[in-house]
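Any read-out appearing in this document is the output of simple, stated calculations on the displayed coordinates, not a laboratory observation. Remember, it's a predicted structure, so these values are computed and weren't measured experimentally. So basically every Cβ, Gly included, is an ideal-geometry build from the backbone, and we count neighbours across all protein chains shown.
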Amino acid sequence: MVVLATATFAAGAMIAPPANLGDLAITSTSVVLARAAEAWTDEGPYIPHTVTRFLRIRVVAGEDPGGELFVSEPGGEIDGVAALVPGAPRFQMDAEYLLFLAPAEDGLWRVRMMAYGVFERVEADGEIFFVPVPERQQVALAPRFPVEVPGVYRARPLLEALAAVARGSMRWDSGDLLAPPDVTRSLSPAVAPSACRFMEYSDGYGIRWFSFDSGGHATISATTPGQDGLGDGGAGAVSGGAGAWTGDPGSSIDLRYGGQASQSIACTSSGTDYQSGAVVF
């Protein structure tokens, strides 16, 4: 299955990382815990940008950005034009995030170091943790020595440590802040099953829909003649799959079944062939 729109792809991000998360807090204008409430896409100066409205839960360090703050990150889809920026965070509505922020233009904010400065609040085994967002894997680190790469942290101790380090009342020490190894493994980003692989663009980064980030939807169809051996050619499986994703209360995906469409690709070995919004059997 391949679904594409007119799109712009950017190379993966590379940053000069801070020595540790404490240094990131010190150099950030504001560090907050906030809940994603709403998102939309603006045209941006060169490529589309996704703006997410957050509701502040707690100021951890630095300036108070107010009870409502707006975070702008490159990438998104508007008027049929999409931009994919590897390393830019994508936020799920109603999820809570620890954000390391710097001011942007027009009263907006941006996260420091792209997805390197974003952690999602996750509950596991009756405890709360902060977990790097999946886009963190798309951020390359420029050589620097030494660097403590962020991991999965226990929530309350981390917030207290960041506040103290930013005040200058203690030095950074992650020894008691990191989650146990088994929790870290269980909360690590998913990988493709051995029999599958994630769809990728030519730059090696995954292809995905952006419309869900701002409350939009995508339409998908089954192709004819369909799958041999199935009475409906597989149309029911496509329809059911779309419904399962849309009906999952823990997912922002709104995938709508668009009926059946004639297959229009040859799938030759001479190159990549695709049919927009279609499952080809």
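Using the Cβ of Tyr97 as centre and a radius below 10 Å, the other residues enclosed give a net charge of 0, where K and R count +1 and D and E count -1. Here the dipole of segment 59-152 is about 500 debye; that uses its Cα centre as origin and unit charges on the Cβ of Lys and Arg (positive) and Asp and Glu (negative). Eigenvalues of the alpha-carbon gyration tensor of segment 73-135, scaled by 5 and square-rooted, set the equivalent ellipsoid semi-axes at 24, 15, 10 angstrom, largest first.
What's the ranking of 170-177, 21-28, 135-142, 233-240 by average number of surrounding C-beta atoms within 10 Å, highest first? Don't skip to the answer; put the middle values down first.
Values: 170-177: 13.1, 21-28: 21.1, 135-142: 16.8, 233-240: 18.2.
Ranked by mean Cβ neighbours within 10 Å, highest first: 21-28, 233-240, 135-142, 170-177.
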